[in-house]
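To start, the structure under review is shown below, and the notes come after it.
Read-outs: derived from the displayed coordinates by stated rules, not from any lab. On a predicted model such as this, the values are computed, not experimentally measured, just so you know. Backbone-built Cβ (ideal geometry, glycine too); neighbour counts: all protein chains shown.
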């Protein structure tokens, strides 16, 4: 039993990376349309959404933005009326983009620093799933230099190299109690790196229609010499030595299609569809430097499936200075019921959003957005621990972005 629980604890980071930890807040313009707009918006954030569109910019720009992601989840164990809630915490995914090059040229260069995966959840130590998770924080920071070329006035192509820095911090209770009555705990922290790429093309007909195709590769994040620390009764310290571990955590590839078209002089509609390659999660292997009869290397089968998301939004330019937005979307979960876990108790989700951009002057503009995501209620039994119950989850994410153009 101890061996099983410990193996599950040490696999927890990959569970979060594989589930609902994908963060789509790179541009607050897109957030205001629930993630749609890769074909509509031609700006510095195209470095992430559609590298082929970057070369069509008629100016240079720098933008900096952040969101306050508030993740709230509740759990009710099977045959119980007690409801356990995650503690309130704000996770701040950020983005910074810079695009530069000669005006009205056939090329444009840029760099983006953004967090496409991440999250934070804290269940505490008193809930029924404490042997699965107490708390977890995750952040993946992507650094992407990009080049984009305008092949014709209507067709652009671009791509960028991605370097990832990933950070994981989690803790979990162990079914052991010391003489002072304190429950044993395990904590796992690590930093890893990985590499990938992002490529895309963008085509438009003047004032009529635009299409964007982009592919973001998988990024295998390699954690080396992560720290595994155990707080256990002294008599068991030799069975739970503080040690290090190695692992590989794959972040999935995605393929996105975006469409945009006007429905009036001031109104545009945009739609995006994305296939996310979560099926790379066949198994997860963790290699620990120091092994004992309790602490052994783990190999776990995952069986995740590919996921799909669809988003649609409207962009309404009310005046020369103010643009308003709204959007809606639906996301299919890649996680099968037996593999749902408290890191992110994932399920299919619906979302709605609103946003705006205010042009302060010719140089500066301010963009704000808010998106709400509701994960459908899900009753599951964990294949690893047998924990049975119902999860309910909502996510609130207001954000802001400031842009300077020249």
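Taking the alpha-carbon centroid of each part, what is the distance from region 224-275 to region 130-205 in angstrom? Rounded to whole Å, the Cα centres lie 4 Å apart.
For region 375-391 versus region 48-64, the spacing of their alpha-carbon centroids is 43 Å. Given R0 = 30 Å, the distance between the Cβ atoms of residue 390 and residue 177 translates into a calculated FRET efficiency of 0.60. Length gained on full extension, residue 64 to residue 266, computed as 0.36 nm times the residue gap minus the Cα-Cα distance: 70.1 nm.
Comparing mean-square fluctuations of 143, 280, 151 from a GNM of the chain with C-alpha springs under 10 Å, the top value falls on 151.
Name the most mobile residue of 237, 39, 61, meaning the one with the largest mean-square fluctuation, in a Gaussian network model of the chain with Cα contacts below 10 Å. Greatest mean-square fluctuation among the candidates belongs to 237. For the chain, the Kirkwood hydrodynamic radius comes to 22.2 Å, computed from all pairs of different C-alpha atoms.
Give me the angle, in degrees from 0 to 90, between the Cα long axis of helix 2-18 and the longest principal axis of the Cα atoms of the chain, rounded to the nearest 10. Its long axis makes an angle of about 0 degrees. The calculated FRET efficiency for the pair residue 100 and residue 330, based on their C-beta separation and a Förster distance of 45 Å, comes to about 0.75. If I build a Gaussian network model for the chain, linking alpha-carbon pairs within less than 10 angstrom, which residue out of 363, 76, 349 has the largest mean-square fluctuation? Its mean-square fluctuation being the largest, the pick is 363.
How would you classify region 122-180 from its alpha-carbon gyration tensor, with a ≥ b ≥ c the square roots of the eigenvalues: rounded for a/c under 1.5, else prolate if a/b is greater than b/c, otherwise oblate? It comes out prolate by the Cα gyration axes.
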